[in-house]
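Only one structure is covered here, and it is reproduced in the block below.
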Amino acid sequence: MHATLQQLRLFEAVARLGSVTRAAGEANLTQPAVSIQLKRLEEQAGMALFDQVGRRLLLTAAGRELLSASQNILREMAELGDALESLRGEIAGPVRVSAVTTATYFMPHLLGEFVRRHPKVQPILTVTNRSNILNRLENRQDDVYIMGQVPEHLDVSDKPFLENVLVVAAHPSHPLTGAKRVKLADLARERILVREPGSGTRQAIDRLLFEHGLEITPYMELGSGEAIKQGVMAGLGLAVLSRQSLALEIASGRVAVIDCEPFPLRRPWNAVYPRSGNQPLAVRTFLEFLAAESARVIKGTEAAPSAKPKADATMGDNR
Ligand code: PGA
């Protein structure tokens, strides 16, 4: 069978995304250009590779065989490129990082600093929630995965590199902002805004409540930490959020932190990567950089005048 690497790449993208249009978008090609390559591949296979089911393309048995072979070939080619770069001793090439949404508040700063030090590295950052990150990890789509809890069911290694401090955020005029040592049970009776079930932050809160024998009926479920923050500032309810995501709002007095036990919850941010497989030099260097430099780099960004917290904007030991 004759197939070009470009055809295999496009085929893999169509299979993953379930659509020629989306694969064309990802590859910066037109839809007809992708369709032609797929047609040639099907001619080579002598069989259909996809069935159209509604608006989605599903793989046929032949398509599944070809997908598995394509993934192996593309992975080997990528590893070959990485290995050659490492042999040249160059810290260069792509470093693919996928990060949970809460990590948006620090990952770009860390990648920015890393690229300043190693300008030949091409950082590729994907931001999505925890359950999507776990799917990407299972499909080995990236080099490094940034998340809170390390998955136990996968064969991975991890390096903790920063602290994620979860606090209870409220509108500054909320009655509980003045209270000392609010009980978790009292908090659970308030109107709470929560992230979607696939979120790591949501899972951490659900676990905490479960451990205390408590349950909440979320007042609202919003798919992003940013939207929840806006909801808190609008006085819609309370929310548990990463302190990093609130730095500016706390500093400007638009969000207050409630003194509630057992908050602040301190959880590590972990850089997770598959245990097996050779890592390119650029990826190894990035992992070392995260472990050694993250705290200093992030402290530097927080010390900028615009992000300097006001002393009276936080309360108790939550700062
Ligand atoms: P999230 O993840 O952004 O999906 O809530 C946070 C985490 O993994 O701790």
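Anything in segment 232-272 that is of a type in the set (A, V, I, L, M, F, W, C) and free of Cβ contacts under 8 Å to residues at least 60 places away in the same chain? List them, or say none. Please lay out each step first, then the result.
Of all residues in segment 232-272, those of a type in the set (A, V, I, L, M, F, W, C) come to 232-234, 236, 238-241, 246-248, 250-251, 255-258, 260, 263, 265, 269, 271-272.
Leu236, Leu248 - these are the residues of segment 232-272 that are of a type in the set (A, V, I, L, M, F, W, C) and free of Cβ contacts under 8 Å to residues at least 60 places away in the same chain.
Residues in segment 253-267 that are surrounded by fewer than 16 Cβ atoms within 10 Å (Cβ to Cβ) and part of a strand (DSSP E or B): how many?
1
In this structure, does Ala33 turn out to be among the small types (Gly, Ala, Ser) and either surrounded by 15 or more Cβ atoms within 10 Å (Cβ to Cβ) or not in a helix (DSSP H, G or I) (or both)? Write out each step before concluding.
On the way: among the small types (Gly, Ala, Ser): yes; either surrounded by 15 or more Cβ atoms within 10 Å (Cβ to Cβ) or not in a helix (DSSP H, G or I) (or both): no.
Answer is no for this residue.
Any idea which residue in segment 72-99 is farthest from the ligand (Cβ to nearest atom), counting only those that are among the basic types (Lys, Arg) and more than 30 Å from Arg202 (Cβ to Cβ)? Lay out the reasoning, then the answer.
If we filter segment 72-99 for residues that are among the basic types (Lys, Arg), which is where we start, we get 75, 88, 96.
Now drop any that are not more than 30 Å from Arg202 (Cβ to Cβ), which leaves 75, 88.
Working: Arg75: 26, Arg88: 36 Å.
Ranking the candidates gives Arg88 first.
So Phe114 ticks every box in (1) within 16 Å of the ligand (Cβ to nearest atom); (2) surrounded by 15 or more Cβ atoms within 10 Å (Cβ to Cβ) but one. Which box is left unticked?
(1) is the only condition that Phe114 fails.
Just checking, how many residues over segment 129-187 are touching a Lys or Arg at 6+ places or on another chain (Cβ under 9 Å) and charged (D, E, K, R)?
Within segment 129-187, residues that are touching a Lys or Arg at 6+ places or on another chain (Cβ under 9 Å) and charged (D, E, K, R) number 6.
Tell me which residues, restricted to segment 167-220, are in a strand (DSSP E or B) and exposed (fewer than 15 other Cβ atoms within 10 Å of the Cβ). Step through it out loud before you land on a result.
Keep residues of segment 167-220 that are in a strand (DSSP E or B), which gives 167-170, 182, 192-194, 220.
Listed by number, the list holds a single entry, Met220.
Can you tell me which of Thr102, Thr128 is within 16 Å of the ligand (Cβ to nearest atom) and surrounded by fewer than 20 Cβ atoms within 10 Å (Cβ to Cβ)? Outline the logic, then answer.
Working: Thr102 fails: surrounded by fewer than 20 Cβ atoms within 10 Å (Cβ to Cβ).
None of the other options fit; the residue is Thr128.
Rule-based calculations on the coordinates, nothing more; no lab input. Given the structure is predicted, the values throughout are model-derived calculations rather than measurements. Note: ideal-geometry Cβ built from the backbone for every residue, glycine included; neighbour counts use all protein chains shown.
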